[in-house]
1. What pairs come out if I take residues in segment 152-166 that are free of Cβ contacts under 8 Å to residues at least 24 places away in the same chain and pair them with residues that are aliphatic (A, V, I, L, M) and crowded, with 19+ Cβ neighbours inside 10 Å whose C-beta lies under 6 Å away, six or more apart or interchain?
2. Looking at (1) surrounded by fewer than 18 Cβ atoms within 10 Å (Cβ to Cβ); (2) at pLDDT 90 or above, which is the one condition that is false for Pro199?
3. State which residue is surrounded by the fewest Cβ atoms within 10 Å (Cβ to Cβ) when the search covers only segment 243-264 and only residues that are of a type in the set (A, V, I, L, M) and within 15 Å of the chain's Cα centre (by Cα).
4. If Thr270 satisfies every condition in (1) more than 23 Å from Asp371 (Cβ to Cβ); (2) assigned by TED's automatic domain parsing to the domain that holds Arg313; (3) in contact (Cβ under 8 Å) with a residue 24 or more places away in the chain; (4) of a type in the set (Ser, Thr, Tyr) but one, which is the exception?
5. Would you point out which residue out of Lys156, Lys140, Lys184 is modelled with pLDDT of 90 or more, basic (Lys, Arg) and within 18 Å of Glu216 (Cβ to Cβ)?
6. Restricting to segment 368-389, what's the tally of residues that are more than 22 Å from Leu280 (Cα to Cα) and among the acidic types (Asp, Glu)?
7. Please work out which residue is surrounded by the most Cβ atoms within 10 Å (Cβ to Cβ), limiting yourself to segment 116-162 and to residues that are among the polar types (S, T, N, Q) and touching a Lys or Arg at 6+ places or on another chain (Cβ under 8 Å).
Amino acid sequence: MQTLRASKCGLSTAQLPSYILDVIDALTKAGYEAYIVGGGVRDLILGLNPKDFDAVTNATPAQVKEVFGRRCRIIGRRFELAHVYAGRELVEVATFRAPPKKAVTSASGMILRDNNWGTIEQDFVRRDFSINAMYYQPRKGIVLDFCHAIDDIKNKTLRLLGDPTLRFEEDPVRMLRTLRFAAKLNFSIAPEILEIFTPELTQLLRDISPHRLYDESQKLFTMGHLNRVLPMLIDFGIWHQLFADISPDISTFIERAAINTDQRIQMGKTINPAFFYAVLLWKPFLERCEFYLSKGVVPAEARAQAGLDVLKRQATRTIIPRFAETFIREVWEMQTRLLNPKPQQIQALSTHARFRAGFDFLLLREKSGDDTTQGMGVWWDAYQQMSTDEKERAISQYNRQRAKSRRKATTDDVVETKPVAAITEIEPLVNEPEPRSRRERKSRAKPERPIQTVSAGGSEIASDHPILKRKRVKRDLSQVIFGPTQ
């Protein structure tokens, strides 16, 4: 173990937010040891901006709750932790771990319970990667390095503490964390990890709950280096452990969506991780739609049932929450509505809650070379930049173009159904001028019928006389009473 000066590692209290200092100070004031540990320390040394900060202490979760009262909540069964709320921020406070006295593991070696408290020397051994095992005490200005982690950070090497096979068996999710850190930090993976990191070993991920795998997949999608980690998931055999019916090849559509997601994160924009699931599952969704359409199912029902089937199948790997499933299905449904909108509904459609996500999805498809979008992605993109008057003109032009396309489609259908002999053009005998008014065209279209006359009492009544157009009803004479009336 070596004690390093924080200043030599590029660390100072000025880099830390007030909420993590408040947590450290409160625990220290109560008489406990308290350190900042994990990715927050690592990212500060690398010159990155940490997303959050974690603390570690020799106080048990119950003692941490005594210090912070209502601001603290104890969570977890397998790995008990204390969540401390400091304003809007959340700090995860863990207790020093010790090796279990009696190992509680599954048949594959995964640790099922890990709530044995110990010392800081015992705690660092329980951590997964060396770069995450540096303990920073900001008030004392020191960093405790038990495993020469500072050298691994300088050499940009990702190294596991202990035997890699045993560490992966203890928690198979560490395989996902290995690829995530390697992609995020652009670190090389140590040779001893590469030797045992085989597709057969990734089968251990089947023992992990689908809920936890979903959480880990969200971390992959939102770390800002999604385009870099996707090929690694395929190369190391993890793709099939995360995605059920998605073929392990990165299409242009998926690649563009990954790049777009990374760009949005780098610009500080918010993203919805469920959007990338909608991209990944788009091809299986289309294939399932075709299956139901071939069975004669109505298109709307085919899309609804296909969405349910694809998401239910994906739940065998990662269970997507209900609200995220609803978002994914709405994005898919918006594709149909955006491709062929009714002119009177365009304005309302542009204010729909899922319009932006559906439009982004459509534009990504179009830029990826999907011809079925019919250029509507560019049309909607231009429509959003227009003024009110320009939007009205664009809708009118779209309506005319839509009617023209329908007439052309109808004409093509009529031409296809006519025999070849009937298609030949006949030369008119008399070149009469085309009637201008609608009334003249109607009268010319109706053939003139000969007027019949009926003689009645010496006078002739034409067949088009109103009296002859009356409907004659045959009366039942048996009910008629003949004779004088009272």
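The values are calculated or read from the model by the stated rules, or taken from the named source; none is laboratory data. Values in this document were obtained by computation on a predicted structure and should not be read as measured data. For neighbour counting, all protein chains shown are included, and Cβ atoms are generated from backbone atoms with ideal geometry for every residue, glycine included.
1. Asp152/Ile131
2. It fails just one condition, (2).
3. Ranking the candidates gives Ile259 first.
4. (3)
5. Lys184
6. 2
7. Applying the filter and picking the extreme gives Ser130.
Let's see how each residue does on (1) at pLDDT 95 or above; (2) under 16 Å from the mean Cα position of the chain (by Cα); (3) surrounded by fewer than 14 Cβ atoms within 10 Å (Cβ to Cβ):
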{"site": "Thr336", "(1), (2), (3)": "no, no, yes"}
{"site": "Ile346", "(1), (2), (3)": "no, no, no"}
{"site": "Leu349", "(1), (2), (3)": "no, no, no"}
{"site": "Ala357", "(1), (2), (3)": "no, yes, no"}
